[in-house]
């Protein structure tokens, strides 16, 4: 019952309240990005949503423009807004629109979809989330196989209590500054560098 009806209600309540509460923070972050990094202020990228359907993810830009590797383009300012998850705030609008959920597997680039093993592909059966079970274990410091396994476990059993525990755990990870990036990476190594396409990746 919660997964079918209550989860969407929780999404609307939390995203709506947080958008109103963080509006000054949203505007302030947008202004700082424009000053520190220039335009465009927003970063847009196609990600795989529920059922593998692509949608346009929106974040505040945290890297300087140019062809250099990500680690070189990520400025001190960019690292700061990533550490505080301020770059993720525009995604609250995507939660209101129903493209994302407050809790669920983090949306990954569409080109990763063929790389999932069959069990991992079950992550596509639900809306992607702002925070997820894998993120509650340490954000980007969690290795890919473990991260995708946590996503699959989340899909197996979705409950109100579980979602509330994930939100609380993600809050603690954020406050502690854990897992902002994997060792030696701007965020974490692309899945394509550690995984070949699976023979079956249908959601």
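Quick one: among 135, 91, 45, which has the greatest mean-square fluctuation in a GNM of the chain with alpha-carbon springs under 10 angstrom? Its mean-square fluctuation being the largest, the pick is 45.
With a Förster radius of 22 Å applied to the beta-carbon distance between residue 110 and residue 153, the computed FRET efficiency rounds to 0.45. Helix content alone sets the calculated 222 nm mean residue ellipticity of the chain: runs of n ≥ 4 DSSP H residues at -39500 (n - 2.57) each, divided across all residues, give -12000 deg cm²/dmol. Taking 0.36 nm per residue of separation and subtracting the current Cα-Cα distance, fully stretching the chain between residue 119 and residue 42 would add 24.4 nm. The modelled label-to-label distance between residue 23 and residue 77, using points 7 Å beyond Cα along the C-beta direction, is 2.5 nm.
Once every Cα of the chain carries one equal point scatterer and solvent is ignored, give the base-10 log of I(q)/I(0) from the Debye formula at q = 0.11 Å⁻¹, two decimals. Treating every Cα as an identical point scatterer, log10 I(q)/I(0) equals -0.50. Remark: the stretch 104-148 is approximated by an ellipsoid whose semi-axes, taken from the C-alpha gyration tensor as √(5λ), come to 16, 12, 9 Å, largest first. When you count the other C-beta atoms within 10 angstrom of each residue and take the mean per peptide, 72-80, 189-197 line up highest first as 72-80, 189-197. Volume per residue for the stretch 85-196 equals 102 cubic angstrom (convex hull of Cα atoms). Averaging Cα coordinates gives a centre for the stretch 74-128 and one for the stretch 1-28; these two points are 16 Å apart. What the Cα convex hull of the stretch 1-105 gives, in volume per residue, is 110 Å³. Computed from label points 7 Å out along Cα-Cβ, the spacing between residue 35 and residue 58 is 2.3 nm. Among 54, 114, 24, the residue with the largest mean-square fluctuation in a Gaussian network model of the chain, with springs joining Cα atoms closer than 10 Å, is 24.
Legend: calculated FRET efficiency, residue 93 to residue 196, from the Cβ-Cβ distance at R0 = 35 Å, rounded to 0.05, equals 0.50.
Computed from the coordinates by the stated procedures, all read-outs in this text should not be read as laboratory data. Please read all numbers here as calculations on a predicted model, not as lab measurements. Here the Cβ is made from the backbone with ideal geometry for all residues, glycine too, and neighbour counts use every protein chain on show.
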